[in-house]
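Okay, structure first, notes after.
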Ligand SMILES: [Zn+2]
């Protein structure tokens, strides 16, 4: 099939990773594309518009759809970081509370954000957990659907 245009627009997922400075798995992955006035990475949707925030795109490409009404936040507080492991979803109110709290002290190790039910290390542990699903669900406080999605790699696709 002949291409009508010389330059075919490439899909978002393909354009996206070219603009990411992928470093170690736990390090920040700086966005090297354009940065918006608030300091977030920015990339055009397929077709050029609208402009999307790069960390939200990273979350959707790797973790899964962003639940309606929730914002994507950074555990690392680096706005232009797009490492999916550093991203979690929360309500706008929780995001503000989180920022207030972080102003006083660092995020305590092991403490779970109320909405970020699972952290990346949990997801990896769950994938390797061979116990009966009932026990896994009880330990992590997750439902059947969430567990199945993780095991089948429908969510958190970028994790091992
Ligand atoms: Zn980061």
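Give, to the nearest whole percent, the P(r) tail of the chain beyond 30 angstrom, counting all Cα pairs. Provide the component values of the computation, followed by the final result.
Working: 2819 of 12720 pairs.
The share of Cα pairs beyond 30 Å in the chain comes to 22 percent.
Rounded to the nearest 500, what is the chain's calculated 222 nm mean residue ellipticity when only DSSP H runs of at least 4 contribute -39500 (n - 2.57) each, over all residues? List each step's numbers first, then the result.
Numbers: 6 runs with 54 residues, N = 160.
It comes out at -9500 deg cm²/dmol, rounded to the nearest 500.
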Next on the checklist: If you scale each eigenvalue of the Cα gyration tensor by 5 and take the root, what three semi-axes come out for the stretch 118-160, rounded to whole angstrom and sorted largest first?
Outcome noted: 15, 11, 9
Checklist entry - So which residue, out of 30, 133, 84, gets the largest mean-square fluctuation from a GNM of the chain using Cα contacts under 10 Å as springs? => result 133
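Which whole-number percentage describes the relative contact order of the chain, with Cα contacts under 8 Å and a sequence gap of 6 or more? List each step's numbers first, then the result.
Numbers: 179 pairs, mean separation 28.2, N = 160.
Value for the chain: 18 percent.
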Checklist entry - Most mobile of 128, 83, 95 per a Gaussian network model of the chain (Cα springs, under 10 Å)? => result 128
Checklist entry - Given springs between every Cα pair under 10 Å in a Gaussian network model of the chain, which of 123, 71, 96 has the largest fluctuation? => result 96
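A short reminder: the numbers here are calculations on the coordinates, not readings from a lab. Keep in mind it's a predicted model, so treat the numbers as computed, not measured.
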